[in-house]
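The values are calculated or read from the model by the stated rules, or taken from the named source; none is laboratory data. Because the structure is a prediction, the values reported are computed rather than measured. Here the Cβ positions follow ideal geometry from the backbone for every residue, glycine too, while neighbour counts run over all protein chains shown.
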Amino acid sequence: MSDTIQSGPVLAADGTPLKRSLQRALRRQKMRALLLIAPLLAFILITFILPIGDMLFRSVENEIVSETIPETVDRLADWNPDVSALPDENVFNAFYVDMFLAQEKKEHTRLGTRLNYELTGVSSLFRKTGRRVTRFDTDIYAKQFIALDPAWKDPQTWSALFDVSSNRRALPFTTRSWDRWGNYLRGEGKNPGEEDIEDFLFSALHEDLTRLESTDGVDPLIAAATQAVGGFETVSVRDQFLDIDKDWGRQDVWRIIQVYSPPFTTGYFLNSVDLQLGVDGIKTRSEDQRIYIVLFGRTMFMSLMITFSCLLLGYPVAFLLSNLPLRTSNMLMILVLLPFWTSLLVRTSAWKVLLQQQGVINDVLVWLRIVDDANRLILINNQTGTIIAMTHILLPFMILPLYSVMKTIPPSYVRAAKSLGATDWTAFWRVYFPQSVPGIGAGAILVFILSIGYYITPELVGGTTGVFISNRIAYHISSSLNWGLAAALGSILLILVLALYWVYDKIVGIDNVKLG
Amino acid sequence: MTDPKHMVRFENVQKSYDGETLVVKNLNLDIAQGEFLTMLGPSGSGKTTCLMMLAGFEPATHGEIFLNDRPINNVPPHKRGIGMVFQNYALFPHMTVAENLAFPLQVRGMDKDEQKKRVERALSMVELPQFGNRRPAQLSGGQQQRVAVARALVFDPELVLMDEPLGALDKQLREQMQYEIKHIHENLGVTVVYVTHDQTEALTMSDRVAVFNDGIIQQLSPPDVLYETPQNSFVAQFIGENNKLDGQVVEVTDGLCTVKLDDGTVLKADMVNVGGVGERTTISLRPERVELDPAVDMENMVDGTIEESIYLGDHIRVRMNVAGNTGFIAKVRNRGDRRHLVPGDSAKVGWAASDCKALDPVT
């Protein structure tokens with residue numbers, strides 16, 4: 001008996017392993033803890049984490065192409081641009097069907113906008129095509145089928161034909177097109193059995209029939225049409241497209257559609273770092289289109305500048321506060337916290353008033369004859385403005401952690417250093433400063449991370465040279481509506497912050513960071 | 001002017017923090033070379049302030065402090081060359097023990113080899129030779145204490161200040177450290193100014209003790225004198241245990257005075273700090289000088305009632321009602337033949353006139 005106790009796991013009094021007993025005993029506590037945080041957890045999950053996750057997912061999502069023009073995407077996969085300069089008639093047939101349906105659903109402009117990110121001009125090409133795709137000369141197919149048998153004119157005939165599976169198998173392309181058309185009509189509250197048959201359906205039917213090898217088991221109507229279709233007059237859909245715009249004869253337009261066919265893409269991320277996944281692989285963008293790397297660099301640089309100037313201004317203040325008697329320091333602390341109680345917009349607007357060329361600061365400098373009236377300083381709508389305003393706004397975030405750390409450094413350390421023969425400076429630098437480093441770390445991290453994602457202040461005082469990457473993200477979210485790119489930029493920013501945090505942890509050690 | 005033997009001299013020093021009250025009132029104090037002087041007093045008595053003024057962390061409001069006959073009021077702390085041990089040791093937490101010890105040598109620009117030698121010597125002096133690479137947080141309280149002492153001594157200061165250095169230690173360790181500090185003082189011959197509120201510590205270690213109260217030195221004497229002949233009621237109360245008997249002087253003869261207590265009992269007492277006939281006085285009497293039921297008649301014999309007796313091993317503490325004072329304490333040595341001290345029994349107590357001191361009245 002004693003052997004088993006020694007070799008096996010430690011047992012509780014009732015014979016169950018001690019570990020399991022302990023776990024059971026702690027489970028209730030854990031459940032309680034979980035219940036206590038459950039409301040907040042659910043709230044955060046639903047209102048914050050899921051939407052952000054969805055947003056970030058948009059940075060790689062590219063289903064719009066395959067959803068809007070599925071037939072084209074399908075057939076384009078076989079096209080090898082090295083063999084034939086342009087996709088063959090099949091692709092154009094499919095594209096005709098896709099485009100017709102897309103313009104009915106008014107989705108073609110969205111797709112055009114999406115592809116325009118990758119190739120300029122595609123947007124207007126799609127718009128133009130959408131307007132004219134309904135007026136193709138493909139009506140000759142309709143006329144010929146109806147001449148063959150007037151029953152083709154009747155939508156009821158079509159409804160009946162495509163309810164039968166053997167017919168559906170024989171005419172796959174037409175079936176898919178008919179189904180999509182029917183779905184669209186039903187979505188609009190219409191009955192496909194009552195709407196006129198559009199030209200694109202006859203065009204699809206024509207293509208299917210020319211390919212049909214065996215008419216076994218299909219409807220006689222189809223069988224008859226199959227016989228006749230060989231003698232039909234045909235029209236080139238490709239020519240129709242080229243008629244609308246000769247750009248449809250450009251290989252790169254089709255290549256872009258092909259490259260961006262898959263449901264997921266790295267395109268947005270490549271865009272975010274000034275690269276482009278174009279027709280011939282990944283390339284850097286042309287000089288005048290490179291903005292994001294510069295913007296990321298500038299965001300980092302300005303955040304560092306802001307962090308540094310916050311430290312420079314905040315350290316002495318925190319030092320003073322922590323060495324004053326409590327009554328006085330509490331009073332001064334209110335002054336430090338005062339900005340928190342004022343609206344961010346008000347503070348930023350105040351800086352606008354102060355910094356502009358006809359503003360208070362310039363007026364005073366001119367009045368003091370430090371600055372010539374003709375050469376007033378440009379302090380706003382540039383980096384200087386952003387750095388000044390944001391330093392002011394973020395200063396409390398530096399002072400508070402510094403203060404709370406400095407408050408815990410007993411004055412006896414500096415006294416001891418001085419009694420041991422250190423000058424005021426040595427005592428500060430060798431003894432006080434190292435002990436305040438955790439506060440610097442906390443303050444710097446806080447200010448840096450806050451400023452790297454700041455938006456309102458740079459927007460208002462930054463002009464064009466003083467804006468951050470976040471302003472660009474906001475622009476893509478609300479103005480250009482390129483959410484994918486915004487999501488990719490946001491993801492990169494997030495990764496950047498996490499990476500910096502990791503580096504910081506490696507160098508300074510996050511355990512050394514004290515917020516109070 | 002000043003005695004060359006004197007290392008530190010306070011001359012009419014006053015200190016006020018708020019401009020309304022004086023924390024230190026007109027302090028005059030000479031500290032001799034190689035002396036171990038303790039400033040003893042309750043908290044708020046001004047003893048730490050005196051130490052801080054000497055160290056240079058607080059400026060004197062008035063008066064002058066001399067170090068080796070040089071006025072140091074305007075000398076910054078780091079140029080005074082005074083070693084100091086702080087209450088919480090103030091070992092720099094971000095440095096190792098060796099770096100802590102090397103700090104005062106570094107700032108003096110000493111070369112590395114010499115630094116190393118001195119650090120090793122200091123560490124072996126406090127018997128911690130293997131601890132150089134540890135951080136202060138990895139040491140026990142007693143070890144930190146020793147490092148703090150070693151750091152205050154490593155740069156060979158002539159004067160070392162200690163501000164309640166043993167306050168954070170437990171009783172046993174405190175006693176051990178008292179002896180160690182005492183021995184270091186004796187071996188090195190440095191002058192030590194020691195601040196404490198613990199009278200045992202003061203009596204154990206010091207050459208002289210300055211008892212502070214209310215910003216004034218109440219008495220400055222060697223420990224035995226302090227205990228045997230307190231100069232006033234405060235010192236008598238503060239040092240050791242003490243019985244107080246209030247009364248009025250009725251007669252004065254040859255340094256002895258006859259005092260009539262408030263209940264009519266008449267006692268003879270050594271006249272130490274009292275006015276003439278008719279003045280109020282408080283008689284101070286050490287409990288161990290009281291004889292319970294003395295075999296022979298003594299100069300002072302009073303009837304009393306036993307209120308309570310506490311067995312303390314080597315002696316028995318008897319609380320009695322004597323001359324209307326219910327808090328009268330007598331310490332009875334524990335001899336085998338001790339009789340039962342039963343509360344409620346009456347007993348005679350007696351003591352010599354020279355053992356009780358007529359001091360200033362306690363109001």
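Checked against (1) away from chain B (no Cβ under 13 Å); (2) modelled with pLDDT of 90 or more; (3) surrounded by fewer than 18 Cβ atoms within 10 Å (Cβ to Cβ), A:Ile507 passes all but a single condition, namely (2). The condition (being at pLDDT 90 or above, over 22 Å from B:Leu67 (Cα atoms) and in contact with a strand residue (DSSP E or B) (Cβ under 8 Å, 6 or more places away or on another chain)) is satisfied by just one residue among B:Ala152, B:Ala137, B:Ala148: B:Ala148.
For B:Ala90, the requirement of being crowded, with 20+ Cβ neighbours inside 10 Å, of a type outside the set (Ser, Thr, Tyr), assigned by TED's automatic domain parsing to the domain that holds B:Tyr194 and at positive phi is met. Among the criteria (1) without any contact (Cβ under 8 Å) to a residue 24 or more places away in the chain; (2) surrounded by 14 or more Cβ atoms within 10 Å (Cβ to Cβ); (3) over 24 Å from A:Phe92 (Cα atoms), the one A:Asn191 does not fulfil is (2).
Residue check: B:Glu186 meets all listed conditions (1) touching a Phe, Trp or Tyr at 6+ places or on another chain (Cβ under 9 Å); (2) more than 14 Å from chain A (Cβ to nearest Cβ); (3) surrounded by 21 or more Cβ atoms within 10 Å (Cβ to Cβ) but one, namely (3).
The residue that is farthest from the chain's Cα centre (by Cα), among those in the stretch A:20-77 that are of a type in the set (D, E, K, R) and more than 30 Å from A:Asp88 (Cα to Cα), is A:Arg20.
Residues in the stretch B:43-89 that are in contact (Cβ under 8 Å) with a residue 24 or more places away in the chain and either of a type in the set (Lys, Arg) or within 8 Å of chain A (Cβ to nearest Cβ) (or both): B:Lys47, B:Ala55, B:Gly56, B:His78, B:Arg80, B:Gly81, B:Ile82, B:Gly83, B:Met84, B:Phe86, B:Gln87, B:Asn88.
B:Arg118 fulfils the conditions (1) surrounded by 17 or more Cβ atoms within 10 Å (Cβ to Cβ); (2) modelled with pLDDT of 90 or more; (3) at the interface with chain A (Cβ under 8 Å from one of its Cβ atoms) except for a single criterion, (3). If the condition is being closer than 21 Å to B:His185 by Cβ and either of a type in the set (Val, Ile, Thr) or in contact (Cβ under 8 Å) with a residue 60 or more places away in the chain (or both), then the stretch B:92-122 contributes only B:Val119. Of the strands (runs of 3 or more DSSP E) contained entirely in the stretch B:210-299, those carrying at least 1 residues that are touching an Asp or Glu at 6+ places or on another chain (Cβ under 8 Å) and basic (Lys, Arg) fall at B:266-271, B:280-285.
Of the helices (runs of 4 or more DSSP H) lying entirely inside the stretch A:367-476, those containing at least 2 residues that are among the basic types (Lys, Arg) are A:411-419. Which one of B:Gln231, B:Gln237 is within 17 Å of B:Leu40 (Cα to Cα) and crowded, with 19+ Cβ neighbours inside 10 Å? The conditions single out B:Gln231. In this structure, B:Ala32 qualifies as out of contact with any helix residue (DSSP H, G or I) (no Cβ under 8 Å at 6 or more places or on another chain), more than 14 Å from chain A (Cβ to nearest Cβ) and either touching a residue at least 24 places away in the same chain (Cβ under 8 Å) or not charged (D, E, K, R) (or both). A Cβ distance below 7 Å, combined with a sequence gap of six or more or placement on separate chains, defines the contacts here; from the stretch A:409-428, residues that are closer than 11 Å to B:Pro76 by Cβ and more than 7 Å from every other protein chain (Cβ to nearest Cβ) reach residues that are in a helix (DSSP H, G or I) and modelled with pLDDT of 90 or more in the pairs A:Ala427/A:Val414; A:Ala427/A:Ala417; A:Ala427/A:Lys418. Looking only at the stretch B:105-112, decide whether some residue is part of a loop (DSSP other than H, G, I, E, B), more than 10 Å from every other protein chain (Cβ to nearest Cβ) and closer than 26 Å to B:Ala168 by Cβ. Looking through the stretch B:105-112, none of the residues is part of a loop (DSSP other than H, G, I, E, B), more than 10 Å from every other protein chain (Cβ to nearest Cβ) and closer than 26 Å to B:Ala168 by Cβ.
If A:Thr386 satisfies all but one of (1) farther than 18 Å from A:Ile440 by Cα; (2) in contact with a Ser or Thr (Cβ under 9 Å, 6 or more places away or on another chain); (3) within 11 Å of another protein chain (Cβ to nearest Cβ), what's the number of the condition it fails? All conditions are met except number (3). Of the residues making up the stretch B:6-13, none is assigned to a loop (DSSP other than H, G, I, E, B) and either more than 19 Å from the chain's Cα centre (by Cα) or more than 14 Å from every other protein chain (Cβ to nearest Cβ) (or both).
The residue list B:Gln178, B:Gln143, B:Gln106 contains one member that is within 25 Å of A:Trp429 (Cα to Cα), assigned by TED's automatic domain parsing to the domain that holds B:Phe36 and polar (S, T, N, Q), which is B:Gln106. When A:Arg131, A:Arg114 are screened for being in a helix (DSSP H, G or I), more than 16 Å from A:Val253 (Cα to Cα) and among the charged types (D, E, K, R), only A:Arg131 passes. From the list A:Asp74, A:Asp54, the one residue that fits, being charged (D, E, K, R), part of a helix (DSSP H, G or I) and loosely packed, with under 13 Cβ neighbours inside 10 Å, is A:Asp54. Are any of the residues in the stretch B:145-166 outside any helix (DSSP H, G or I), exposed (fewer than 14 other Cβ atoms within 10 Å of the Cβ), within 14 Å of chain A (Cβ to nearest Cβ) and on the phi > 0 side of the Ramachandran plot? Yes, the conditions are met somewhere in the stretch B:145-166.
Check B:Asn213, B:Asn187 and return the single one that is among the polar types (S, T, N, Q), in the same structural domain as B:Gly44 (by TED's automatic domain parsing) and touching a Gly at 6+ places or on another chain (Cβ under 8 Å). Only one candidate qualifies: B:Asn213.
Every test in (1) in contact with a Leu (Cβ under 8 Å, 6 or more places away or on another chain); (2) more than 10 Å from chain A (Cβ to nearest Cβ) is passed by B:Gln130 save one, and that test is (1).
Any residue at all in the stretch A:351-360 that's touching a Ser or Thr at 6+ places or on another chain (Cβ under 9 Å) and assigned to a helix (DSSP H, G or I)?
yes
Residue count for the stretch B:77-104 satisfying the condition of being under 20 Å from B:Ile181 (Cα atoms) and assigned to a loop (DSSP other than H, G, I, E, B): 7. Which condition breaks for A:Phe95 when tested against (1) closer than 30 Å to A:Gln276 by Cβ; (2) modelled with pLDDT under 90? Only one criterion in (1) closer than 30 Å to A:Gln276 by Cβ; (2) modelled with pLDDT under 90 is unmet by A:Phe95, namely (2). Got at least one residue in the stretch B:300-322 being part of a loop (DSSP other than H, G, I, E, B) and touching a Leu at 6+ places or on another chain (Cβ under 9 Å)? No, the stretch B:300-322 has no match at all. Apart from one condition, A:Val336 fits all of (1) over 25 Å from A:Phe468 (Cα atoms); (2) at pLDDT 90 or above; (3) buried (at least 16 other Cβ atoms within 10 Å of the Cβ); the exception is (2).
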